[in-house]
Amino acid sequence: MCPGSYDPVTNGHLDIIERASKLFDEVVVAVLINKNKKSLFTVEERLEMLREVTHQWPNVRIDSWHGLLVDYCRAHEIDAIVKGLRAVSDFDYELQMAQMNQQLSGVETMFMSTNPLYSFLASSLVKEVATYGGDVSNLLPPEIEQRLRQRLAQQNADG
Ligand code: PNS
């Protein structure tokens with residue numbers, strides 16, 4: 001299980017998903033709700049984008065869930081959650097979630113170190129940089145960048 005907000009999916013996410021797909025027979029990439037974040041794309045849009053950019057990996061399945069991550073894992077007999085760790089700053093919160101999920105359900109979390117190329121990369125920063133016209137073309141697949149630009153332009157037009 002590779003869970004996340006994926007608002008939108010970045011090259012950093014794809015690096016972890018690809019590496020997980022080589023380690024596990026099957027990988028579920030699930031869009032979950034992060035209560036601390038306001039989203040730019042709907043869950044349906046995020047699913048569509050994830051499907052577009054992961055179709056080359058046949059053992060990767062895309063899904064969404066509006067509840068506890070561990071409930072999804074239990075219902076689908078998933079034993080392992082895979083998370084990318086960018087820097088020590090990620091560790092506190094990720095460790096807390098891993099321990100909570102383990103205690104709730106016994107589901108284990110495996111941490112994968114991110115490719116150093118993407119250690120600064122976060123969807124929230126990409127959105128901020130793109131909002132002010134910065135170049136994010138090497139941080140997202142081209143089709144996702146295009147969608148992001150369209151959505152930001154639409155938001156600007158709507159005021
Ligand atoms: O990409 P994100 O925002 O860092 O992903 C965080 C996410 C969505 C995986 C996390 O918020 C989550 O698991 N949400 C589902 C609800 C849940 O299980 N919360 C308890 C976590 S211990």
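Run the accessible area of the chain with a 1.4 Å probe and give the carbon-and-sulfur part as a rounded percent.
52
Once you reduce the range 101-133 and the range 1-19 to the center of their Cα atoms, the two points are 8 Å from each other.
I need the Debye-formula profile for the range 2-119: one equal scatterer per C-alpha, no solvent, reported as log10 I(q)/I(0) at q = 0.10, 0.18 1/Å, two decimals. These q points yield log10 I(q)/I(0) values of -0.27, -0.99. Beta bridges from DSSP with both residues in the chain: antiparallel share about 0 percent, rounded to the nearest 5. Ordered from largest to smallest accessible area (heavy atoms of protein chains, 1.4 Å probe), the residues 92, 7 come out as 92, 7.
With a 1.4 Å probe and all protein chains kept in place, how do 97, 1 rank by accessible area, largest first?
In descending accessible area the options line up as 97, 1.
Identify all lysines with a Cα-Cα distance to residue 38 below 22 Å; exclude those on the same chain that are fewer than 8 residues away in sequence. Qualifying lysines at Cα under 22 Å: 83, 127.
Each helix, a run of at least 4 DSSP H residues, gives -39500 (n - 2.57); summed and divided by the residues of the chain, these come to -15000 deg cm²/dmol at 222 nm.
Averaged over its residues, the range 13-87 has an accessible area of 57 Å² per residue, based on protein heavy atoms and a 1.4 Å probe.
The values are calculated or read from the model by the stated rules, or taken from the named source; none is laboratory data. Values in this document were obtained by computation on a predicted structure and should not be read as measured data. Quick note on the areas: whole protein, heavy atoms, side chains included, nothing else; ligands and nucleic acids left out. Shrake-Rupley method; radii C 1.70, N 1.55, O 1.52, S 1.80 Å.
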